[in-house]
Amino acid sequence: MSKTIRVVAAIIVHDGKVFATQRGYGEWKDGWEFPGGKLEPGESAKDAIVREIREELDAEITVKDLLTTVEYDYPEFHLSMDCFTAELVPGTSMKLLEHEAAKWLAYEELGSVDWLPADVLVTDAIRANREKVFAKAGAPSVNWGILGTANIARWATIPGMKKAKGCRLYAIAGRSLTKAEAYKTEFGFEKAYGSYDELLADENVQAVYIPLPNDLHLPWVKKALEAGKHVLCEKPLAMNAAEAKEMFLTAEQNGVYLMEAYAYLHSPFIESLKQDIANGMIGDVDYIDTAFVTQGYKEDFRLHKEHGGGAMYDLGCYCTTMILSLINSDVADVKAVAEFTDLGVDMLAGVILRFENGARASFNVGMNLGTNTNSRYDRLYIHGSKGSIRSAVEYNQEGNLSYTIYNADGVTERNIFAPQNYALETSQLNRCILYGETPHITKAFSVKNAELIDRILAEIGY
């Protein structure tokens, strides 16, 4: 068993950038790292990082928070590295006493240098905690309102908003003022309304999250956009592509943002998959297989066709967006079959897709694992010309996630830490509103996905 070396590193943040240094000695000379070094006997991690920065950079820092502890196996030893965010003490300048070069890197530039292997994991943590790392005292926030007291708002989106930077839980509206007041008390909203129209009339509401049943998305998204509110609308955005186009046109006409809420697509897990594929780890993708199968329901809007129910609308949209995110080509052909309930919604469906570039994909979705059992089954397999990727990670998960890459170099286990996805999507739309970022889920992607779902629903006879 290799020995463990404990070290500390400083993620020094200034004016929206982090400080990176280029190693000037040893086996890893010329590699880039976050400044720091070994702990001395009896020394605390925070004391060690203050001392190391004095010795390496002749600078004084204020140590903030522990961002992550990296555990990495080098050939000769195991590295355990506590990584702290830090700020320069006002008036402090830095001198390179041990490193050969240094750079201030913006978030978008984190991938522009050749990091040491362990420090790559630090950059992953920075990406996963962007708002925390780059937060500034007194930073602006967005006043959010929520239309409806749906379950997904309660267990997923509102908890995510509470973790998101730049998010102010301002107002909650329900069909029942009593229920809205209960949410206000539970989650700390400032205002509660007994109707959606009252919330939209509140001039202090800047952005609205809409978790209503699918058939209500079009009217309430349009009302919110026409009231000058930015909108995050639960997936699927629309009952069909025509509705999606109508909503985006309304957003453009009113100068506000509209983003479809596919929280899982904001995850570092998905970004890592896309990056490995882009880097040629498995060659050109030629086949994807995925599945999302859940419990059935005793009573739920998903059981009713008039509300946009069924497995394809509720679960299939995860599979289609995953596939469209990983295959960069237009869909040439769709084959699909489904089993329907007595109420006319698909409870189980299988789909085969063929793309213009020759790639193929298949997926299964269903609401048939018992009734109200909380059971679910997910899978993901990606095959390429040079290898494949397998993962049993469920859609929309957080925490320590992994997938396995198989190629000519052997087997690689990729481990990624993913924060709460709903916090990531809210934070991203906040940055759009405050700083002009482009929505991660674009109009073009949402419309392309809606058009594909239209074709699948037509194929199964929905």
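Just a few scattered comments:
- Lone unmet requirement of (1) closer than 26 Å to I152 by Cβ; (2) among the charged types (D, E, K, R); (3) at pLDDT 95 or above for R390: (1)
- Selection within region 417-462 - at pLDDT 95 or above and among the small types (G, A, S): A444, S446, A450, A458, G461
- Tally of residues being surrounded by 14 or more Cβ atoms within 10 Å (Cβ to Cβ) and either charged (D, E, K, R) or assigned to a strand (DSSP E or B) (or both) across region 1-34: 18
- Yes/no for N415 being assigned to a loop (DSSP other than H, G, I, E, B), within 19 Å of the chain's Cα centre (by Cα) and either not assigned by TED's automatic domain parsing to the domain that holds N129 or not basic (K, R) (or both): no
- E60 vs. criteria at pLDDT below 90, over 23 Å from E109 (Cα atoms) and either of a type in the set (D, E) or surrounded by fewer than 18 Cβ atoms within 10 Å (Cβ to Cβ) (or both): no
- Verdict on D215 being out of contact with any helix residue (DSSP H, G or I) (no Cβ under 9 Å at 6 or more places or on another chain) and outside any loop (DSSP other than H, G, I, E, B): no
- Of the residues examined, E43 is not one that is charged (D, E, K, R) and in a strand (DSSP E or B).
So that you can scan it fast, the table gives a plain yes or no per residue for (1) in the same structural domain as V13 (by TED's automatic domain parsing); (2) in contact with an Asp or Glu (Cβ under 8 Å, 6 or more places away or on another chain); (3) touching a residue at least 12 places away in the same chain (Cβ under 8 Å):
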residue	(1), (2), (3)
C83	yes, no, yes
A102	yes, no, yes
Y107	yes, no, yes
G111	yes, no, yes
W115	yes, yes, yes
T123	yes, no, yes
W155	no, no, no
C167	no, no, yes
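- Within region 388-412, being at positive phi and either over 18 Å from the mean Cα position of the chain (by Cα) or surrounded by fewer than 13 Cβ atoms within 10 Å (Cβ to Cβ) (or both) holds for G399, G410.
- Some residue of region 309-319 being in a loop (DSSP other than H, G, I, E, B) and under 17 Å from K235 (Cβ atoms): yes
- Selection status of E299, in contact (Cβ under 8 Å) with a residue 24 or more places away in the chain and not aliphatic (A, V, I, L, M): no
- Residue ID - surrounded by the most Cβ atoms within 10 Å (Cβ to Cβ), chosen from residues in region 35-47 that are of a type in the set (G, A, S) and over 20 Å from A102 (Cβ atoms): A45
The rows are residues; the columns are (1) under 20 Å from N449 (Cα atoms); (2) surrounded by 16 or more Cβ atoms within 10 Å (Cβ to Cβ).
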site	(1), (2)
A207	no, yes
V221	yes, yes
E226	no, no
E234	yes, yes
M247	yes, yes
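- Scanning region 129-184 for residues that are in a loop (DSSP other than H, G, I, E, B) and small (G, A, S) returns A135, A137, G138, A139, S141, G148, A150, A164, G166, G174, S176.
- Residues (farther than 13 Å from Y462 by Cβ, out of contact with any helix residue (DSSP H, G or I) (no Cβ under 6 Å at 6 or more places or on another chain) and either modelled with pLDDT of 95 or more or buried (at least 17 other Cβ atoms within 10 Å of the Cβ) (or both)) located in region 329-347: S329, D330, A332, D333, K335
- Flag if A125 is in contact with a Leu (Cβ under 6 Å, 6 or more places away or on another chain), buried (at least 18 other Cβ atoms within 10 Å of the Cβ) and not in a loop (DSSP other than H, G, I, E, B): yes
- Whenever a residue of region 423-440 is closer than 12 Å to K163 by Cβ, its partners that are buried (at least 18 other Cβ atoms within 10 Å of the Cβ) and among the polar types (S, T, N, Q), lying with C-beta atoms within less than 8 angstrom and at least six residues away or across chains, give the pairs L424/S267; T426/T157.
- Out of M322, M312, M347, M367, sole residue that is hydrophobic (A, V, I, L, M, F, W, C) and under 30 Å from V411 (Cβ atoms): M322
- Among the residues of this structure, V365 does not count as one that is β-branched (V, I, T), closer than 30 Å to L121 by Cβ and outside any helix (DSSP H, G or I).
- Filtering region 391-412 to residues that are part of a strand (DSSP E or B) and closer than 20 Å to T68 by Cα leaves G399, N400, L401, S402.
The values are calculated or read from the model by the stated rules, or taken from the named source; none is laboratory data. Because the structure is predicted, anything quoted here is derived from the model rather than measured. Quick reminder, even Gly has a Cβ in these numbers, built from the backbone with ideal geometry, and neighbours come from all protein chains shown.
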